[in-house]
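Notes follow once the structure below has been shown.
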Amino acid sequence: MPVHLIINCESINVSRDHEEHTFNKEKLPQPFFEWQSTARMEMINTLQKSGSAAVKSQPAHLPVLASWNDGFFSINLASRGVGLLPKKDFVERFILLFEQAVEETQNDPWEVTLDRRLQALREFYCDEAFFDPWMLGGLEIFDGQTLQNLQSNPFCALLFTGDAPRYPSYQFNAIAELIDHENVYYRFLLAARQMFSRDAFHIYQPRYSLGYLFHIVGIKDKTPYPRK
Ligand SMILES: Cc1cc2nc3c(=O)[nH]c(=O)nc-3n(C[C@H](O)[C@H](O)[C@H](O)COP(=O)(O)O)c2cc1C
């Protein structure tokens, strides 16, 4: 079932299975940005103070991704590394910064280069003005059911849930665009991952077949609150 996407500034058109639908894109909510930025800065501080073995979980970076196929249990769920992306005007700048950090630190012991790598990451996460409000991104590692589903059905959902005491929780309905190694956002996602690929909180991977841009078309704030 071939899928064709036409991506505009504020909408996205999906042609699939002889049907065509247009969706308005939605902006990621401000409290989500704040949570993402704070969680990353806290992680950077933990890494700086205690090293990579001290990072035991990263809920802000690890939503559950739901995708669909045909069949009785047609929903497929998978934990995925998904993160913020730079706005178009800034993407080249951060690719260069991250790729340079990867290149300069490749041959030195990992612990020795931690500061250099954290400095690059901090430059991106320190300022919300850099974040693209319309989409999130991730890398494909295992080429399993999720990939198979998103190749034929780009409609998907991400569920993020954070730590106590606030438990920020968001469902984002999204349209997944598959991006190859030439795409600037693939380069950004790859370099961001490679900067920390040998740290204890990552399972080292030799390759990533492709990347995803998740264009946000629906938002549900699922953060719990005390009912009156
Ligand atoms: C903490 C965590 C992070 C993961 N991150 C990714 C990721 O970024 N990319 C990926 O392809 N798989 C990732 N996985 C693996 C997927 O959850 C899943 O095993 C994989 O997609 C195969 O399942 P599928 O056949 O349903 O796609 C991660 C798993 C865990 C537990």
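None of the figures in this text is laboratory data; all of them are computed from the coordinates on show. In this text the structure is predicted, and so the values were computed from the model without any measurement. Here the Cβ positions follow ideal geometry from the backbone for every residue, glycine too, while neighbour counts run over all protein chains shown.
In what sequence do Cys126, Cys9 fall when counting other Cβ within 10 Å, fewest first? Kindly include the intermediate steps, with their values, before the conclusion.
On the way: Cys126 13, Cys9 6.
Going from least to most buried by this count: Cys9, Cys126.
Given R₀ = 30 Å, what would the calculated FRET efficiency be for Trp68 paired with Val184, taking r from the Cβ atoms and rounding to 0.05? Display every interim value, and only then the final one.
On the way: r = 29 Å, r/R0 = 0.95.
Computed FRET efficiency for Trp68 and Val184: 0.55.
First measure r as the distance between the Cβ atoms of Asp108 and His4, then evaluate 1/(1 + (r/R0)^6) with R0 = 30 Å and state the FRET efficiency to the nearest 0.05.
0.10
Modelled label-to-label distance, Met41 and Glu123, 7 Å Cα→beta-carbon offset: nm?
If labels sit at Met41 and Glu123, their model points lie 1.8 nm apart.
Taking R0 as 22 Å, what FRET efficiency do you get between Lys88 and Arg16 from their Cβ-Cβ distance, rounded to the nearest 0.05? It would help to have the intermediate numbers written out before the result.
Values: r = 26 Å, r/R0 = 1.18.
Once rounded, the FRET efficiency stands at 0.25.
In a GNM of the chain with a 10 Å cut-off on Cα contacts, which of Pro29, Pro165, Pro59 has the highest mean-square fluctuation?
Checking each option, the largest mean-square fluctuation is seen for Pro165.
Take peptides 89-100, 207-218, 45-56 and line them up by average Cβ neighbours within 10 Å, highest first, as a rough protection proxy.
Highest mean packing first, the order is 207-218, 89-100, 45-56.
Taking the number of other C-beta atoms within 10 Å as the exposure measure, put Ser197, Ser79 in order starting with the fewest. Display every interim value, and only then the final one.
Details: Ser197 15, Ser79 9.
Ordered from fewest to most neighbouring Cβ atoms within 10 Å, Ser197, Ser79 come out as Ser79, Ser197.
Report, to the nearest 10°, how far helix 88-105 tilts away from the longest principal axis of the Cα atoms in the chain, using its own Cα long axis and a range of 0 to 90°.
Long axis of 88-105 versus the principal axis of the chain: about 40 degrees.
Quick check on the exposure proxy: order Trp35, Trp68 from fewest to most C-beta atoms within 10 angstrom.
Final ranking by Cβ density, sparse to dense: Trp68, Trp35.
Which residues among region 193-209 fall inside the zone where the amide N is under 18 Å from a point 7 Å beyond the Cα of Ser50, along Cα→Cβ?
199-202
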